[in-house]
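Trainee: So that we are looking at the same thing, I have put the structure below in C-alpha cells.
The values are calculated or read from the model by the stated rules, or taken from the named source; none is laboratory data. From a predicted model like this one, the values you see are computed outputs, not experimental measurements. Note that each Cβ is placed from the backbone with ideal geometry, even for glycine, and that neighbours are counted across all protein chains shown. Only protein heavy atoms, including side chains, enter the accessible area calculation; ligands, DNA and RNA are left aside. Shrake-Rupley method; radii C 1.70, N 1.55, O 1.52, S 1.80 Å.
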Amino acid sequence: MRVLMTAGLLWLLGSFALLQAQEANYKAGEHYIVLPAPAPTADPDKIEVAELFWYGCGHCFEFDPIISEWKTSQADDVSFRYVPAMFGGAWNTHAQLFYTVESLGKLEETHSAIFAAIHQQKNRLADEGAMIELLADYGVSEEEFKKAWASFGVRSKLEQATRLAKAYRATGVPTLIVNGKYRVEGAMVGGFSEMLKVAEFLVEHERQAL
C-alpha cells in the first residue's frame, strides 16, 4: 500500500511540475488568446479541441496529416472536431461540401481526398459537378449528393459554423480552439508542432480545472 501511495504521490508531483514548466512557457496573450466568452462545444462532458479550417488553404492541407495523427493519440476525455471556416465565396462552398460528406457518412474516407484534389490535382471543386465527380469514386451517387447538399441538416450545420467562427473571433486558418475558451494560431507560436503543444497544455489546464 505504501509503495502504491508513493508512486501515486510521485505521479502527482510530476504532473504538477510538468504543468508548472508549461505555464512558464505558454502565456495568455502571447501564445494563445482567451476568448471573451466561451463558445459552445459539441460534448460538454469532454475537453474539445476544434480545428477551424478551409479546404482551399495550403497551410490547412499541410496541417491535415499532422492533426489527423495527433487526434488519434488523445485520451478518452478529449474530443476533436473540424469546423469549416465561413468567410464567404469558396470558403462557404467548401464548408457546404464538408457538411454534405459528413451527413453522408463519408467524411473519414474523403476528407484528405478533398484536400488532395484541390492542392495536388489542381481541382478547385468550385461547383457541384466537380464535387459529384470526385465523390462518385467513394460510392456517392449524384442523387444522394444533391439531396444531402440541399438538406435542412446541412443548412443547419452551416448556420452553426457561422456562429462558431464569430465566437472564435478567428481571422485565419488553421486555428485551434480548445474547449471553446482558447484560440491557438500558428503565427503566435511559430508552427504546427508548437500549436499542438500549446493545445496540449490547454487541454491539461482544463483537465486540472475539472
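Trainee: When DSSP assigns beta bridges and you keep just the ones with both residues in the chain, what percent turn out antiparallel, to the nearest 5?
Mentor: Just about 55 percent of them are antiparallel.
Trainee: Please work out the Cα convex hull volume for the stretch 98-194 and give it in Å³ per residue.
Mentor: Looking at the stretch 98-194, the number lands at 131 Å³ per residue.
Trainee: Same structure, new question: Round to the nearest 10 and give me the degree value, 0 to 90, for the angle of helix 58-72's Cα axis relative to the longest principal axis of the chain.
Mentor: Compared with the principal axis, the helix lies near 50 degrees.
Trainee: If you put +1 on each Lys and Arg Cβ and -1 on each Asp and Glu Cβ, how big is the dipole of the stretch 123-210 around its Cα centre, in Debye rounded to 20?
Mentor: The dipole magnitude comes to about 560 debye.
Trainee: Also, I was wondering about something else. Amide H to amide H, which residues 5 or more places from S79 or on other chains are under 5 Å from it, using H placed in the peptide plane?
Mentor: I47, E48, V49
Trainee: Can you pull the three principal axis extents for the Cα set of the stretch 164-210, in Å, largest first?
Mentor: 30, 24, 11
Trainee: For the chain, what is the mean residue ellipticity at 222 nm derived from helices alone (per DSSP H run of n ≥ 4: -39500 (n - 2.57); sum divided by total residues; nearest 500 deg cm²/dmol)?
Mentor: About -18500 deg cm²/dmol.
Trainee: Hey, of [x] 0.96; [y] 0.94; [z] 1.04, which did the structure itself give for Rg/Rh (Cα atoms, Kirkwood Rh) when calculated?
Mentor: From the options [x] 0.96; [y] 0.94; [z] 1.04, the structure gives [z].
Trainee: Now, a different point. For the stretch 69-119, what % of the accessible area comes from carbon and sulfur atoms, probe 1.4 Å?
Mentor: Summing carbon and sulfur atoms, their accessible area is 47 percent of the total for the stretch 69-119.
Trainee: In the stretch 104-210, which chymotrypsin sites (Phe, Trp or Tyr not before Pro) are in a loop and have at most 15 other Cβ atoms within 10 Å, using DSSP for the loop call?
Mentor: Passing sites in the stretch 104-210 are Y138.
Trainee: I'd like to compare 154-160, 79-85: which one has the highest average count of other Cβ atoms within 10 Å, and what's the full order after that?
Mentor: Result, highest mean Cβ count within 10 Å first: 79-85, 154-160.
Trainee: Right, next: At R0 = 22 Å, how high is the FRET efficiency between Q160 and D77 if r is their beta carbon distance? Nearest 0.05 is fine.
Mentor: So the FRET efficiency works out to roughly 0.40.
Trainee: For the stretch 70-210, compute the number of Lys pairs whose alpha carbons are separated by less than 30 Å, excluding pairs fewer than 8 positions apart on the same chain.
Mentor: 26
Trainee: Among A42, S103, H59, whose Cα lies farthest out toward the positive end of the dipole of the chain, if unit charges sit on the beta carbon of Lys, Arg (+1) and Asp, Glu (-1)?
Mentor: A42
Trainee: I'd like to check one number: the per residue accessible area of the chain, probe 1.4 Å, reported in Å² as a whole number.
Mentor: 54 Å²
Trainee: If you don't mind, another one. Taking the chain as a Gaussian network, where each spring joins two C-alpha atoms under 10 Å apart, which residue of D127, D76, D43 fluctuates the most?
Mentor: Result: D76 has the largest fluctuation of those listed.
Trainee: Which value, in debye to the nearest 20, gives the size of the charge dipole of the chain about its Cα centre, when Lys and Arg are +1 and Asp and Glu are -1 at the Cβ?
Mentor: 600 debye
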